[in-house]
Amino acid sequence: MRIGIATDHGGYGLKEELIAQLRKAGHEVVDFGAHKLSPDDDYPDFVVPLAQAVVGRQVQRGVAICGSGVGAAVCANKVPGARASLIHDHFSAKQGVEDDHMNILCMGGRTVGPAVAWDLVQTFLDAEYTQAPRHLRRISKVAALETTTV
């Protein structure tokens, strides 16, 4: 699977560990940065291109990391078609893909350790979108929000 990954300084170390594990597991990884540790960088500079690549299908799924994961999730969800969520548990990593067609997993580099992060990423990547009518109906309603104005 072709996976995109992005972070700012808050998740730089975790991103580097995950890239190595993803490659070892046979995945192709596209690194959207940060490419060096810089405390002055900003997560939107890396997360937005990742989200655009997921929506544009240059990568199949994305992993976005910042210090808490919250900013990465908020930012990614501003890109129409991105379905990102902050994930801390195994159930949500699987169910978010299956029921809600989540395509970007967000985590906090300062809140999730490397072993848990790897487990969550594997669960996220192994999960498949369901086509249950009730889930498709809900996803359609969410997608409609991307084209309405307030």
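For beta carbons closer than 7 Å, sequence separation of 6+ or different chains, a first residue in region 102-114 that is closer than 13 Å to Glu17 by Cα and a second that is hydrophobic (A, V, I, L, M, F, W, C), the qualifying pairs are Gly109/Leu14; Gly109/Ile65; Gly109/Cys66; Pro114/Leu14. The residues in region 1-29 that are more than 18 Å from Pro114 (Cβ to Cβ), in contact (Cβ under 8 Å) with a residue 24 or more places away in the chain and surrounded by fewer than 17 Cβ atoms within 10 Å (Cβ to Cβ) can be counted, and the count is 3. Taking the stated definitions as given, is Val47 closer than 14 Å to Ala6 by Cα and β-branched (Val, Ile, Thr)? Yes.
Number of residues in region 35-52 that are surrounded by fewer than 19 Cβ atoms within 10 Å (Cβ to Cβ) and hydrophobic (A, V, I, L, M, F, W, C) equals 2.
Taking region 104-139 as the range and being modelled with pLDDT under 90 and either open to solvent by less than 80 Å² (accessible area, probe 1.4 Å) or within 19 Å of Leu86 (Cα to Cα) (or both) as the test, the residues that pass are Thr130, Ala132, His135, Leu136, Ile139. Just wondering, is there one or more residues in region 131-149 that are under 19 Å from Lys15 (Cβ atoms) and out of contact with any Cys (no Cβ under 7 Å at 6 or more places or on another chain)? For region 131-149, residues under 19 Å from Lys15 (Cβ atoms) and out of contact with any Cys (no Cβ under 7 Å at 6 or more places or on another chain): absent. State all residues of region 1-35 that are in a helix (DSSP H, G or I) and not charged (D, E, K, R); if no residue qualifies, say none. Those that are in a helix (DSSP H, G or I) and not charged (D, E, K, R): His9, Gly10, Gly11, Tyr12, Gly13, Leu14, Leu18, Ile19, Ala20, Gln21, Leu22.
The values are calculated or read from the model by the stated rules, or taken from the named source; none is laboratory data. Since we're looking at a predicted model, the values are computed, not measured. So basically every Cβ, Gly included, is an ideal-geometry build from the backbone, and we count neighbours across all protein chains shown. Heavy atoms of the whole protein, side chains included, go into the accessibility calculation; ligands, DNA and RNA do not. Shrake-Rupley method; radii C 1.70, N 1.55, O 1.52, S 1.80 Å.
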